[in-house]
Every structure is written in C-alpha cells, then in structure tokens.
Amino acid sequence: MNRNSIGLGLVVTAAIAICMTFIVFTGRLLPTVEMGAHGWVALVLGTVLSLIVGGGLSAILVISRRRGFDEGAHDLYRNRFEKD
C-alpha cells in the first residue's frame, strides 16, 4: 500500500462517517411515517427483483467472459488503438 491509497482510504472513511452522522442527526427531525402492508410488500418485491436482475447480469458477464464472447471486441479495440 502506498501513501496515496492510505490517504484516499482515510478521506473516504471520513466522508462516510460525516454522511452517517448527518443522516442520524437530521433523521430525528423528520416526521414519523407509518408504512402499510402494501408498502412493505412493494419494498420486499423491489429489493428481491433488483437482486435477481443484478445477479443475473453479473452472471451473464462472467459466463460471456469465460466463453470468449468478449474477445472480438477486445481484439477490435487492440487493433484500432494500439498500432504502435
């Protein structure tokens, strides 16, 4: 680890801590809102479907890379920009 990565890690950690502190203290100022059963169902379905779509797209990326479907695009890029 070099000095730049340590400094960047400290800056990111400090930014996250500041944001979390802001959320905690300003969250108390918000009015209390109750969420009904339909809201919870929508939240759960949205979360589950988002995870399924994200996992599916990640799986497609891994499968296409392992089967070599990305090589044509990589070769085209290499031929066009690396003609040294």
Seminar exercise, completed: When region 42-62 is checked residue by residue, the ones that are open to solvent by 80 Å² or more (accessible area, probe 1.4 Å) and either in a loop (DSSP other than H, G, I, E, B) or β-branched (Val, Ile, Thr) (or both) are Val44, Ile52, Val53, Ile60
Problem set entry | Qualifying positions in region 38-84 - among the charged types (D, E, K, R) and over 24 Å from the mean Cα position of the chain (by Cα) | Arg67, Glu71, Asp75, Arg78, Arg80, Glu82, Lys83, Asp84
For this session: Could you figure out which of (1) surrounded by 10 or more Cβ atoms within 10 Å (Cβ to Cβ); (2) assigned to a helix (DSSP H, G or I) isn't true of Phe69?
Result: (2)
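Among His38, His74, which is the only one that is loosely packed, with under 10 Cβ neighbours inside 10 Å and in a helix (DSSP H, G or I)?
Details: His74 fails: loosely packed, with under 10 Cβ neighbours inside 10 Å.
Criteria check complete, one pass: His38.
Take region 14-35 and flag every residue that is of a type in the set (Ser, Thr, Tyr) and open to solvent by less than 90 Å² (accessible area, probe 1.4 Å). Give the derivation first.
Kept after step one, since they are of a type in the set (Ser, Thr, Tyr), are these residues of region 14-35: 21, 26, 32.
Thr21, Thr26, listed by residue number.
The values are calculated or read from the model by the stated rules, or taken from the named source; none is laboratory data. Small disclaimer: the values here were computed from a predicted structure and weren't measured. Quick reminder, even Gly has a Cβ in these numbers, built from the backbone with ideal geometry, and neighbours come from all protein chains shown. Each accessible area value is taken on the protein alone, full model and side chains, heavy atoms only, with ligands, DNA and RNA left out. Shrake-Rupley method; radii C 1.70, N 1.55, O 1.52, S 1.80 Å.
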